[in-house]
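Okay, so here's the structure we're looking at.
The values are calculated or read from the model by the stated rules, or taken from the named source; none is laboratory data. The structure displayed is predicted, hence computed values, not measured ones. Here Cβ is always computed from backbone atoms with ideal geometry, including for glycine, and neighbour counts include all displayed protein chains.
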Amino acid sequence: MFKRADYVVIFFALLLLPYLYVTLWGNGSYGEQVTIRIANQPPQHYSLYDNRRITIEGVLGDNLIEIKGGQVRFIEAPCQNKLCIQSGWLRHDGELAACLPNGVTVSVSGRDNRFDAINF
Amino acid sequence: MKLTLQTTQEDHRIAWLAALAIAIHIAESVLPTPIPGAKPGLANIITIICLMQYGWRTAVWVSLLRVLVGSLLIGTFLSPTFALSLAGASASIAVLGLASRLPGIEFGAVGYSLLAAMAHMAAQFFTAWLFFIPHEGLLRLLPVLMSMAVFFGLTSGIIAHQIIVRIKAGR
């Protein structure tokens, strides 16, 4: 039923599909910069590659944020749910964690932004 | 004054095959689809049969007539849908023309069908991207759409092959 040229076409088609999935659905690039936004204050920017711990004074109390080896996370939060801490390490371009009760968000951005805007 | 139109046997054949393709095209257009632009494209079967049984010229006629008459009957003539349809049909005919003229390489129905389906999808996608939705996000649809093109290309190719086998057997 198949001619030899058909197998060649099928082969390349089946090769093309994974290529498309990997290139267009890939996990995005690693971020380079951390932006910390605090309610009613201008955003603060840090490099994702300077290891440091930052204490942020928010609406409820202090957030402790750690930047280490190209990743960033919340360590301490004054809120109840600790959703920001459970967000874990952020490293990819466009990732974001928020401590809403405290009015603090941490987001990672790269050279080209992966998203224009994000809704939750 | 009575006007008679001289028609050849080929004209009649093209009309019959185009009518068949248009019927499939319209039947398909009422199927609901999960993603815009994703449909089986079973009219492709007719194009492949035309190409393999009667040559590329017939395939071009049948394919373009299908796009034109199909859009007139559905009511999408000169709309974006029509532009996408025409772009897809033109690309698949162009690719089929090339593929059937490659020296020393002979494709079967499945190979032709797969090439046509992928060319159709690629042309449609990039027409949509360039003219209607010039947004990077659209690229995220391409893997899914291309998977469907490959799947339905293979399916129509197998169907076309079976039909050609039966035509040749004279059934």
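A few remarks follow.
- Residue within region B:132-154 that is assigned to a helix (DSSP H, G or I), away from every other protein chain (no Cβ under 13 Å) and in contact with a Ser or Thr (Cβ under 7 Å, 6 or more places away or on another chain) present: no
- For region B:5-39, the tally of residues that are part of a loop (DSSP other than H, G, I, E, B), without any contact (Cβ under 8 Å) to a residue 40 or more places away in the chain and aliphatic (A, V, I, L, M) stands at 3.
- Residue tally, condition among the aromatic types (Phe, Trp, Tyr) and under 15 Å from the mean Cα position of the chain (by Cα), over region B:92-124: 1
- Meets criteria (assigned to a helix (DSSP H, G or I), crowded, with 22+ Cβ neighbours inside 10 Å and touching an Asp or Glu at 6+ places or on another chain (Cβ under 7 Å)) for residue B:111: yes
- In this entry, residue A:12 is excluded by the filter for residues that are surrounded by 15 or more Cβ atoms within 10 Å (Cβ to Cβ), aromatic (Phe, Trp, Tyr) and free of Cβ contacts under 8 Å to residues at least 24 places away in the same chain.
Table: residues versus (1) farther than 15 Å from residue A:9 by Cβ; (2) crowded, with 17+ Cβ neighbours inside 10 Å.
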| residue | (1), (2) |
| --- | --- |
| B:89 | yes, yes |
| B:99 | no, yes |
| B:103 | yes, no |
| B:119 | no, yes |
| B:123 | yes, yes |
| B:126 | yes, no |
| B:135 | yes, no |
| B:162 | yes, no |
| B:170 | yes, no |
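- Among residues of region B:1-25, those that are touching a helix residue (DSSP H, G or I) at 6+ places or on another chain (Cβ under 6 Å) and among the aliphatic types (A, V, I, L, M), counted: 7
For every residue, the table says whether it meets (1) hydrophobic (A, V, I, L, M, F, W, C); (2) touching a Ser or Thr at 6+ places or on another chain (Cβ under 8 Å); (3) modelled with pLDDT under 95.
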residue	(1), (2), (3)
B:3	yes, no, yes
B:32	no, no, yes
B:44	no, yes, yes
B:55	no, no, yes
B:76	no, yes, yes
B:82	yes, yes, yes
B:102	yes, no, yes
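- Counting the residues of region A:79-93 that are part of a loop (DSSP other than H, G, I, E, B) and either exposed (fewer than 15 other Cβ atoms within 10 Å of the Cβ) or under 18 Å from the mean Cα position of the chain (by Cα) (or both) gives 8.
- Residue satisfying all of: in region B:96-120; without any contact (Cβ under 8 Å) to a residue 40 or more places away in the chain, within 11 Å of chain A (Cβ to nearest Cβ) and not charged (D, E, K, R); nearest to residue A:1 (Cα to Cα) among these: B:107
- When residue B:158 is tested against the conditions (1) facing chain A (nearest Cβ under 10 Å); (2) surrounded by fewer than 21 Cβ atoms within 10 Å (Cβ to Cβ); (3) touching a residue at least 12 places away in the same chain (Cβ under 8 Å); (4) under 17 Å from residue A:24 (Cα atoms), the lone failure is (4).
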